[in-house]
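The next block holds one structure in the form of structure tokens; read it before the comments.
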Amino acid sequence: MSPVLDIRDLHLSFKGYGGLSEVLHGISLRIEQGQKVALVGESGSGKSVTARIVLGLLQETRTARIRGAVEFDGRDIGAMSARQRAALRGTEMSMIFQDPTSSLNPTFTIGRQFREVLGRRDPGIGRAASDARATQMLAEVSIPDPARVLAAYPFQLSGGMNQRVMIAMALANRPKLLLADEPGTALDVSVQAQTLHLMRELVDDHGTSVLFISHNLGVVREFADRLYVIYRGRIVEEGPAAAIFADPRHAYTRALMDAVPRITGGGLPDVPEVSEDFLAPLIRHEEDAA
Amino acid sequence: MSLLEVQNVSKTFHTDHGPVHAVRDVSLSVAQGECLAVVGESGSGKTTLANMILGILAPSSGRLRFDGADLPSRRLPDHRRAIQLVQQNPLSSLNPKRTIGASIRLGLDTYGIGDRSGRWRVVEEALDAVGLPPAMRKRAPSSLSGGQRQRVGIARALACDPRIVVLDEPTSALDVLVQARVLRLLNDLRVSRGLTYVFITHDLAVVRNVADRVAVFKSGQLVETGTTEAIFTNPRDPYTRSLISAVPVVDDDELSLRNSLAEGT
């Protein structure tokens, strides 16, 4: 069985006034069926552009130069037409963004936005069928009063409620791959913890594969099976999440872990912001080490 | 001796949907040189409290005392100078059309600090104190990284030579490696200059490592206050426990602390 996502030696550069500048220097990443994979790095490391290439969005940007293979479910995304790539979005792959309230349209009710999402897979879906399916999805994300939420506008709901709506919408068409870009960082910690828990249960039930993009190692630890650590457009360490958390070997991964303040105390860490060691070659953990 | 005292302070906003009690009968004090963390979820009233301390909002009832005297709701320049703010998002809080030096100098001109010819030197000293090259004063905020901009935000507050600095989520917009450096800088400055901090945040892991005391807010009320050590080893209020046990953690010691707190709720 082919992996859901297979990225091999992916390079990305942008054409600017000063010539080409390369932002991804050949990254490789695989997600098997049902696997939850995290791509961890700081801002500017290349994690969000990777997601935009998988979604087929960056291919439409004229200044972007993309090289390397990106296969989704055995099909080469690079060889597809813009139309074919667009047809995948919202049906076979979907996305959850950082701030749920600003990624929902404030001028339409939740029910109407659900109908648009469900219409991607089933263009003739009627209002009754759409509402029934939406009600069922909202119940799955533990929303107590689905009818009220369907009739509401996003600004009438709390951030945590909107985040659940986003999760329900993203999974409504049973996608094979879910891309989650820092989900819930705009929310309070306790709400964030609840929604992450919920999202994990749902993707496990549905067998959805996930590419989880984050800079927060604590969140990643609670969510992901596998980890890719990215630094300045290069993967520096990869392997099962448990193995990397137990034994981080790359200097950059170690610095990332050390820099997180601990709730057990111990004072503020003294880690460098940049170091030559961060550019050391890729470290791969054995698959059975977990 | 406490430098800042908040005595039975309430703030009510009157809206179309009736009154909103943002802060309800809160009393607390901050000692000279101390770092008090104010924690709580969004809507808990922590920013309203900060705005009252800064004099941006006037309390509906209760009073604020600074250095042994009442703080009037119309602040005198001396008070405004003595209580400075560092904001969360340094990109939106610095004027994009001013050089960073001009932004830092603005406070000096407003409060008449130093003589006109010496003010650029004060600006350069402030930049140096936060670990930025003094020559950077001629640059625009857009040409700086997130960490550098937040250092400018700190330099801007420091240049006015304040007694109290209100830090409103100063590192939550920063990457974790940058956050670690900025937190260390804030700690060093507090010690070397005898500053007093009111540190507003929802990040309990940061609080654990920077604060002397913690005040926990929920729906405008102070639910628990105590030393950082006591709050984390023996939180009394269930809300405090739930906040601590929601923190995403990285190592096993943290996990067991969190689990032991979760059992108690």
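The values are calculated or read from the model by the stated rules, or taken from the named source; none is laboratory data. Computed from a predicted model, the values in this text were never measured in an experiment. Note: ideal-geometry Cβ built from the backbone for every residue, glycine included; neighbour counts use all protein chains shown. Just the protein is used for accessible areas: all its heavy atoms, side chains included, with ligands, DNA and RNA removed. Shrake-Rupley method; radii C 1.70, N 1.55, O 1.52, S 1.80 Å.
Summed over all non-identical Cα pairs, the Kirkwood treatment of the protein assembly as shown gives a radius of 25.6 Å.
Taking max minus min of the alpha-carbon positions on each principal axis, the stretch A:74-196 gives extents of 42, 34, 25 Å, largest first. With the simple spin-label model, which puts each label point 7 Å out from Cα in the Cβ direction, the residue B:110 to residue B:29 separation comes to 3.0 nm.
Expressed in whole Å with the largest first, what are the equivalent ellipsoid semi-axes of the stretch A:5-289 derived from the C-alpha gyration tensor as the square root of 5 times each eigenvalue? Display every interim value, and only then the final one.
Working: eigenvalues 213, 116, 57 Å².
Semi-axes (√(5λ), whole Å): 33, 24, 17.
When only the Cβ of Lys, Arg, Asp and Glu is charged (+1, +1, -1, -1), the dipole of chain A relative to its Cα centre reaches about 1180 debye. Gain on full extension, evaluated as 0.36 nm per residue between residue A:174 and residue A:89 minus their Cα-Cα distance, stands at 29.4 nm.
Placing a pseudo-label 7 Å from each Cα along the Cα-to-Cβ vector at residue B:121 and residue B:14 gives an inter-label distance of 5.3 nm. Per-residue 3J(HN,Hα) values for the stretch B:17-33, derived from phi via the Karplus relation 6.51 cos²θ - 1.76 cosθ + 1.60 with θ = phi - 60°, read 9, x, x, 10, 8, 6, 9, 10, 6, 9, 10, 7, 9, 10, 7, 3, x Hz in sequence order (x marks Gly and Pro). The Cα atoms of the stretch B:145-265 give a gyration tensor whose axes a ≥ b ≥ c have a/c of 1.5 or more with a/b greater than b/c, which makes the shape prolate. Heavy-atom accessible surface of residue B:231, to the nearest 10 Å², is about 0 Å², with a 1.4 Å probe and all protein chains retained. Grab the beta carbon distance between residue B:89 and residue B:65, set R0 = 41 Å, and tell me the FRET efficiency rounded to 0.05. Computed FRET efficiency for residue B:89 and residue B:65: 0.85. Restricting attention to the stretch B:54-206, close to 20% of DSSP beta bridges with both partner residues there are antiparallel. Among the trypsin sites (Lys or Arg not before Pro) found in the stretch B:235-265, those both in a DSSP coil and sparsely packed, with 15 or fewer other Cβ atoms within 10 Å of their Cβ, are B:236.
With a Förster radius of 25 Å, plug the Cβ-Cβ distance of residue A:23 and residue A:254 into 1/(1 + (r/R0)^6) and report the FRET value to the nearest 0.05.
Values: r = 24 Å, r/R0 = 0.96.
With R0 = 25 Å, the Cβ-Cβ based efficiency is 0.55.
Here residue B:218 is the anchor, and the lysines within straight C-alpha reach of less than 23 Å, apart from those fewer than 8 places off in the same chain, are B:11, B:46.
Can you give the relative contact order of the stretch A:5-289 as a percent, counting alpha carbon pairs under 8 Å and 6+ residues apart? Before the final figure, lay out each step's value.
Details: 499 pairs, mean separation 66.4, N = 285.
That works out to 23 percent.
Karplus-based coupling profile of the stretch A:269-275, in residue order and whole Hz: x, 10, 10, x, 6, 9, 7, with θ = phi - 60° in 6.51 cos²θ - 1.76 cosθ + 1.60 and x standing for Gly or Pro.
Listed by chain and number, the lysines whose alpha-carbon sits under 26 Å from that of residue B:97, ignoring those within fewer than 8 places in the same chain, are B:138.
What FRET efficiency would be calculated for the residue pair residue B:172, residue A:128, taking the C-beta separation as r and a Förster radius of 41 Å, to the nearest 0.05? Write out the running numbers ahead of the final one.
Values: r = 44 Å, r/R0 = 1.08.
With a Förster radius of 41 Å, E is 0.40.
For the pair the stretch A:25-99 / the stretch B:1-76, the C-alpha centres are spaced 48 Å from each other.
So what's the net charge close to residue A:45: Lys and Arg +1, Asp and Glu -1, counting the other residues with Cβ under 10 Å from its Cβ?
Values: positive: A:47, A:232, A:234; negative: A:42, B:175.
Summing Lys and Arg as +1 and Asp and Glu as -1 gives +1.
Taking amide H positions as modeled 1.01 Å from N, with prolines and chain starts lacking one, the residues under 5 Å from residue B:85 and 5 or more places away or on another chain are B:166.
State the dimensionless ratio Rg/Rh of the stretch B:1-63 (Rg: radius of gyration of Cα atoms; Rh: Kirkwood radius).
On the way: Rg = 12.3 Å, Rh = 12.4 Å.
My calculation puts Rg/Rh at 0.99.
For the set B:175, A:73, B:70, B:16, solvent exposure ranked by accessible area (probe 1.4 Å, protein chains only) runs largest to smallest as B:16, B:70, A:73, B:175.
In chain B, the convex hull through the Cα atoms has an average projected area of 15.3 nm², a quarter of its surface area.
Out of the GluC sites (Glu not before Pro) in the stretch A:1-110, which ones are loop residues according to DSSP with at most 16 other C-beta atoms within 10 Å?
Details: sites: A:22, A:32, A:42, A:60, A:71, A:92; in loops: A:32, A:42, A:92.
Here the GluC sites (Glu not before Pro) that fit, given the DSSP loop and packing criteria, are A:32.
Summing charges over neighbours of residue B:126, with a neighbour being any other residue whose Cβ is under 11 Å away from its Cβ, gives +2 when K and R count +1 and D and E count -1. Is any residue of the stretch A:1-22 close enough, with backbone N under 13 Å, to a label point placed 7 angstrom from the Cα of residue A:65 along the Cα-Cβ axis, and if so, which? The answer is A:11-22. Please enumerate, by chain and number, the lysines with C-alpha under 22 Å from the C-alpha of residue A:15, excluding those fewer than 8 residues away in the same chain. Hits, sequence-local ones excluded: A:47.
Here's the picture: charge each Lys and Arg Cβ at +1 and each Asp and Glu Cβ at -1 in the stretch B:108-193, and of B:170, B:189, B:145 the one pushed furthest to the positive end of that dipole is B:145. Straightening the chain between residue A:282 and residue A:14 buys 94.1 nm, computed as 0.36 nm per residue apart minus the Cα-Cα spacing.
Taking every alpha-carbon pair under 8 Å whose residues sit at least 6 apart, the stretch A:147-230 reaches a relative contact order of 30 percent. Between A and B, buried accessible area summed over both sides at probe 1.4 Å, in Å² to the nearest 100? Answer for the A-B pair: about 3100 Å² buried. Please list, by residue number, everything in the stretch B:234-256 whose backbone N is under 15 Å from a paramagnetic label point 7 Å out along Cα→Cβ of residue A:200. Within reach of a label on residue A:200: B:245-252, B:255-256. Sequence-distant contacts, meaning Cα pairs under 8 Å at least 6 residues apart, place the relative contact order of the stretch B:56-145 at 27 percent. With both labels modelled 7 Å from their Cα along Cα-to-Cβ, the residue B:236 to residue A:112 distance reads 5.1 nm. Put the Cα centre of the stretch B:144-175 next to the Cα centre of the stretch A:239-290 and the gap is 27 Å.
Please give me the summed charge of the neighbours of residue A:158: other residues whose Cβ is under 12 Å from its Cβ, Lys and Arg +1, Asp and Glu -1.
Working: positive: A:164; negative: A:188, B:41.
Once all neighbours under 12 Å are counted, the net charge is -1.
Applying the Karplus relation 6.51 cos²θ - 1.76 cosθ + 1.60 with θ = phi - 60° to the stretch B:39-52 yields 3J(HN,Hα) values of 10, x, 7, 5, x, 7, x, 5, 6, 4, 4, 4, 5, 6 Hz, where x marks Gly and Pro.
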